[in-house]
Amino acid sequence: MRETEFTSGGARIRWTEARGDGAPLVYVHGLGAASAVHHAHIAAHPALGGRRSLFVDLPGHGTSDRPADFGYTLEEHADALGAVLDAAGAGGAELVAHSMGGAVAVVLAHRRPGLVSRLVLAEANLDPNPPAAAGSSGIARYSEETFVRGGGFEETLGRVGGAWAATMRLTDPTALHRSATWLVRGTRPTMRAMLTGLRIPRMYLQGELSGELAGREGLEEAGVVVRTVPEAGHMMMFDNPDAFVAAVAGVPETGWGEGGGRPEAGREEGAGRSQMLAGGR
């Protein structure tokens, strides 16, 4: 495990790393998650074998520190992620980022374009005020006091259940609430505006089970490649890892083939997980 400071007070952000060649692949998790849990099996896939891979836990999440005086805005998360890339010597990285992590990745690419050479965004938040059913909205509806000390954190763990609760319970409640609140508020300009203004290769992945992507045409007009991951929802890296890997590896959609997903029994299990976690953004 490696670490570097991300605040003037000495708080540290941590990541694990697999050695390899080529532009580093940096995996960034979503709200209340942890990077290695969601992406280690992706990096280990034969199609990505030999690539240097970093699994970063954002501030307040997983193994990273959780300073009480940190704001946990998307911009601050992005600066912390940038500190990782600086410390790791991972400039020109390809960011593979899920949900809230995708929003953080977009902000970093906008603020420090020299650090990022490519974005692969898995159902990233692009707009403020997500639907009321979204996980971030459900958390942000509490006041910070009620969420942290009035039972809101425990209620949320019980509501989301299963795999998401397993990583969310490792997240600092204050960090989780502030991260969710700023995710709902969004950025200025919006994450969508930042994304469409970038001049690096960008791919947006939408799970088939998640429905149509709002604003897809505008993204494509701006040069963003939009792919639908078949038989997958919000947690597509579990629902259909082979198709997810193909996108990360840059395999054309026509190259996925009939065998591009998991065996049927595994897909059914994964689809159920995504339906349970569909509000993860």
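The values are calculated or read from the model by the stated rules, or taken from the named source; none is laboratory data. In this text the structure is predicted, and so the values were computed from the model without any measurement. To get the accessible areas, we keep the full protein, side chains included, count just its heavy atoms, and leave off ligands, DNA and RNA. Shrake-Rupley method; radii C 1.70, N 1.55, O 1.52, S 1.80 Å.
The figures follow:
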quantity: Area of Ser117 that stays accessible when all protein chains are in place (1.4 Å probe, Å², to 10); calculated: 40
quantity: The chain, accessible surface, carbon-and-sulfur percent (1.4 angstrom probe); calculated: 51
quantity: DSSP bridge orientation in the stretch 1-97 - percent antiparallel, rounded to nearest 5; calculated: 50
quantity: Tensor-based shape of the stretch 31-120 (alpha-carbon gyration tensor, a/c under 1.5 rounded, otherwise prolate or oblate); calculated: oblate
quantity: Helix-only mean residue ellipticity at 222 nm for the chain, each DSSP H run of n ≥ 4 adding -39500 (n - 2.57), per residue, nearest 500; calculated: -11500 deg cm²/dmol
quantity: Beta bridges per DSSP with both ends in the chain, % antiparallel, nearest 5; calculated: 25
quantity: Accessible area of Ile200 in the full protein assembly, 1.4 Å probe (Å², nearest 10); calculated: 40
quantity: Accessible surface, the chain, averaged per residue in Å² (probe 1.4 Å); calculated: 40
quantity: Global geometry of the stretch 42-173, whether rounded, prolate or oblate, following the gyration tensor of its Cα atoms and the 1.5 cut on a/c; calculated: prolate
quantity: Solvent-accessible surface (1.4 angstrom probe) belonging to His45, in square angstrom, nearest 10; calculated: 50
quantity: Label of the coordinate-derived value, Cα Rg over 2.2 N^0.38 Å, listed as [x] 1.15; [y] 1.49; [z] 0.92; calculated: [z]
quantity: Anisotropy class of the stretch 159-239 from Cα gyration tensor, a/c 1.5 cut; calculated: oblate
